[in-house]
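The values are calculated or read from the model by the stated rules, or taken from the named source; none is laboratory data. Model, not experiment: these values are computed from the prediction. Every residue, glycine as well, gets a Cβ built from its backbone with ideal geometry; the counts of neighbours run over all protein chains shown. To get the accessible areas, we keep the full protein, side chains included, count just its heavy atoms, and leave off ligands, DNA and RNA. Shrake-Rupley method; radii C 1.70, N 1.55, O 1.52, S 1.80 Å.
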Amino acid sequence: MPEEDAEVLARARAGDPAALEVLVARHLSDVYDVAARVLGDRDLARDAAQDAFVNALGALDRFRGDASFRTWLLRIAVNAARSLARREARRREVSLLAVDGLPDGGPDPAAQTSLRAEAGRVEAVLARLPEKQRLAVTLRVYQGLSFRDVGEAIGCSEGAARVNYHHGIKRLRELLR
Amino acid sequence: MKRPCDEIRDVLPTVVSGRAEPATEQAVQAHLAGCEACRAEAELIALLRRHPVAVPNGLEEQVLLAAAGPRQRRASRGFLPQLVAVAAAVVLTVLGIRLVRVAEPEPSPVAGFMDTPFQAFGPWAGSGAFTPGSVVLEELTEEQLELLLAEMES
Ligand SMILES: [Zn+2]
């Protein structure tokens, strides 16, 4: 986890555009991933990611450093995505997120097809989890957050974050059986 | 007291992603060798990790542009909020849009913007008038007003 953020943050607070670029480059994929998992929609996730950065960078003065910057930012991303979901009043349903976002599967078309199928399945089963379970799994498995930070990001206790994570994993195992 | 499998499963994501301390990794590997259920869970986590969501092209530029915008405008603060409030009031009146507070706002580490989520409903949502409990424009932050205007323009 890049703890050199402190120095970059100080420059970003002072309005250094290069520091903003560093922060965005460093955290965009995590922010987008979280937004996409909350919303289940690529276009909405773009907007949510943008909102998250605008909100966070506009509130840098209020970042106190008692959580890591990344956890703080991911919490803002979760809130931006949830607020967008409410505004859109759309149902979170299975979309084809993972399918067109696939990394190059190599030259073997058969392998690529099966990788795509697998990606679609992963996405579909994740989308079927209740939001808190899906977020706990996403933040723990993809972002590597501790249970404490997962709780911080989704707004629950460390214990509840752990329970949500384990319930989510258990459900995924059933769904993928 | 936690069972051994619970402790192992707590740290599986860290181990699968290769970020665990060597001692932890060794202990987990030893456990996995003899525990089929935990091995299945490790495989599930590896499967999930094979499929992250890829950042779409152009998003980084879009975010940087949006993030730079408010900062550049910061110098002209003072005049802008009033202008935006007046413009929003005009647009709201014309469109007859109601703003209603969302019942339970999410907790947020950011005071201000995120504390007062709002939803806009078109004329189809009822009478065009402001209703008791609706958001008063003066209560909206500058960012919310800008967001509102931007949404109306789109
Ligand atoms: Zn076990």
### Message
In Å², and per residue, what accessible area does region A:14-66 have when probed at 1.4 Å with the other protein chains present?
### Response
36 Å²
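Less than 10 Å Cβ to Cβ from A:R171, Lys/Arg counted +1 and Asp/Glu -1: what total charge do the surrounding residues give?
Within the 10 Å Cβ shell, the charges total +3.
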### Message
Filter chain A for me: DSSP H helices, axial length by Cα at least 15 angstrom, mean Kyte-Doolittle hydropathy not below -0.5. List them by residue number.
### Response
A:17-39, A:42-58, A:69-88, A:109-127
### Max mean-square fluctuation residue, GNM over chain A, Cα-Cα springs under 10 Å, options A:Y142, A:Y32, A:Y165
A:Y142
### Message
Counting only other chains, and only Cβ atoms inside 10 Å, what mean value do you get across the residues of B:57-63?
### Response
6
#### Entry: Peptide A:133-141, shielding by other chains (average Cβ, 10 Å cutoff)
3
### Contact surface A-B: accessible area buried, both sides summed, square angstrom, 1.4 angstrom probe
4600 Å²
### Task
Considering only A:V122, A:V31, A:V137, give the residue with the highest GNM mean-square fluctuation for chain A, with springs between Cα atoms whenever their separation is below 10 Å.
A:V122
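Could you please state how large a percent of the accessible area of region A:1-96 is carbon and sulfur, counting protein chains only and using a 1.4 Å probe?
Here it works out to 46 percent.
Taking 2.2 N^0.38 Å as the expected size of a compact globular protein, what ratio does the Cα radius of gyration of chain A give against it, to two decimals?
1.08
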## Note on the structure
The percentage of Cα-Cα pairs in region A:106-149 separated by more than 16 Å is 52 percent
